[in-house]
Amino acid sequence: MSDFFTVSVIVATIASGIRLATPYLFAALGETVGQRSGVLNLGVDGVMLLGAFFAHWTALETGNLWLAVLAGMFTGLVMGVIYAVITLYFKAQQGISGIGIFLFGLGFSDLMFEVKIGSPKFTKQLPDIEIPLLVDLPKVGELFSQSLLTWGAFAMVPTIAILLRRTTFGMNVRAVGENPQAADSLGVSVNRVRIKTILIGNTMAGIAGAALVLEAKVFQPNLTQGLGFIAVALVYFGAWRPLYVMAGALLYGLVQATVIRWKVLQIIDRDLSDIAAMAPAVLTVVALIVLAGRIQAPSALTKPFERH
């Protein structure tokens with residue numbers, strides 16, 4: 001254990017945790033926008049899997065990692081259109097339709113992998129972007145060398161916060177999420193606002209999938225391993241506030257990075273490492289139990305809108 005408590009190892013673990021938090025953050029921030037408008041999407045994990053597959057396939061076919069990111073983004077956008085039609089126009093129950101999206105993403109990404117790729121193939125990794133001066137700081141400079149997607153994920157925190165709190169669109173989103181009848185009476189198109197938030201949320205889930213696979217450099221069936229469901233839980237953990245959602249994503253990333261570092265340093269044996277790998281899921285359950293009844297969800301969350 002003493003091998004872990006050195007400055008270099010701790011800084012490296014934190015840097016890795018920040019990187020691992022990236023897909024959590026993209027997916028959870030997108031889901032935050034959707035839930036603030038009253039739409040719950042339990043299909044985030046499936047959208048991430050599809051985004052990851054098409055990003056990986058694009059990277060293999062073209063060798064262009066930025067086209068791969070765009071492929072993941074576009075995949076999320078398409079899934080957003082599908083989910084909006086199912087929930088807003090066919091009035092399907094959000095929880096059931098979300099699980100349907102997840103199962104579709106899980107099965108279709110697996111099928112496409114077998115048909116188009118067949119066996120694990122590695123791609124290049126996105127290059128790191130260094131912050132001048134800060135990267136040269138002694139001992140902690142490594143923290144300021146991350147991929148552009150990681151910097152982008154953290155830049156989205158204030159962007160989403162400003163969008164929700166300081167813009168007319170954000171005001172409409174919150175109004176629709178709290179009292180859609182009142183918002184409708186004031187001339188706000190509830191479905192139009194919800195369509196936009198669904199598209200934003202799913203597009204960001206697609207980017208999250210791309211970030212995950214480009215960091216791993218390889219796609220495999222069920223790559224996310226439930227990460228999308230943890231992202232949904234992070235919205236509750238963060239009480240629908242982008243800054244708190246970011247804190248939760250960092251916590252999960254650091255837990256993952258610590259477990260990985262312990263395994264590398266052989267601080268824990270294989271049996272214990274398998275148990276430790278369950279830490280994010282256990283943390284999710286504990287957090288939801290502790291926060292149950294202490295946070296107030298948007299009043300119209302999961303409730304379909306019917307104009308009277």
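Read the figures in this text as sums done on the coordinates, not as results from a lab. Since the model is a prediction, treat every value here as computed from it, not as a measurement. Neighbour counts are summed over all protein chains in view; Cβ atoms, including those assigned to glycine, are modelled from backbone coordinates with ideal geometry.
Panel order for Asp136, Asp110, Asp45, by other beta carbons found within 10 Å of each beta carbon, from fewest to most: Asp136, Asp110, Asp45.
Placing a pseudo-label 7 Å from each Cα along the Cα-to-Cβ vector at Phe74 and Ala155 gives an inter-label distance of 2.2 nm.
Rank these for me by crowding, Arg166, Arg36, Arg174, going from fewest to most other beta carbons within 10 Å.
The most exposed by this proxy come first: Arg166, Arg174, Arg36.
Of Trp240, Trp151, Trp66, the sequence from fewest to most neighbouring Cβ atoms within 10 angstrom is Trp66, Trp151, Trp240.
Calculate the dipole size of the chain relative to its Cα centre from +1 charges on Lys and Arg beta carbons and -1 charges on Asp and Glu beta carbons; express the result in debye to the nearest 20. Provide the component values of the computation, followed by the final result.
On the way: 21 positive and 17 negative charges, 174 e Å.
Magnitude of the dipole: close to 840 debye.
Using only the alpha-carbon atoms, how far is helix 242-264 inclined from the longest principal axis of the chain? Give it as 0 to 90 degrees, nearest 10. Between the helix axis and the principal axis of the chain, the angle is about 30 degrees. Can you give the FRET efficiency to the nearest 0.05 for Met171 and Glu306, using r as the Cβ-Cβ distance and R₀ = 22 Å? Computed FRET efficiency for Met171 and Glu306 comes out at 0.45.
Relative contact order of the chain: 37 percent, from C-alpha pairs under 8 Å at least 6 residues apart in sequence.
Structure shown: which of Lys121/Lys263; Lys116/Lys196; Lys139/Lys217; Lys91/Lys121 lie over 30 Å apart, alpha-carbon to alpha-carbon? Before the final figure, lay out each step's value.
Numbers: Lys121/Lys263 25 Å; Lys116/Lys196 32 Å; Lys139/Lys217 27 Å; Lys91/Lys121 41 Å.
Lys116/Lys196; Lys91/Lys121, as the Cα separations exceed 30 Å there.
For region 24-93, the Cα-based Rg and Dmax, in that order, read 13.4, 41 Å. In the chain, the calculated helix contribution to ellipticity at 222 nm averages -22500 deg cm²/dmol per residue, counting -39,500 (n - 2.57) for every DSSP H run with n ≥ 4. Simple rule: put +1 on each Lys or Arg Cβ and -1 on each Asp or Glu Cβ in region 115-200, find the dipole, and look at Gln146, Val190, Thr168; the Cα lying farthest toward the positive end is Val190. Entry note, region 1-145: relative contact order of 29 percent, from Cα contacts under 8 Å with a spacing of 6+ residues. Semi-axes of the equivalent ellipsoid for the chain, computed as √(5λ) from the eigenvalues of its C-alpha gyration tensor and ordered from largest down, come to 33, 23, 19 Å. The Cα center of region 121-185 and the Cα center of region 1-63 differ in position by 12 Å. Taking only the C-alpha atoms of region 1-156, the Rg (one decimal) and the largest Cα-Cα distance, Dmax (whole number), read 18.7, 58 Å. If you take the beta carbon distance between Glu114 and Leu137 as r and set R0 to 41 Å, what does 1/(1 + (r/R0)^6) give as a FRET efficiency, to the nearest 0.05? With R0 = 41 Å, the Cβ-Cβ based efficiency is 0.30.
Note on region 97-222: Rg/Rh from C-alpha atoms, Kirkwood Rh, equals 1.10.
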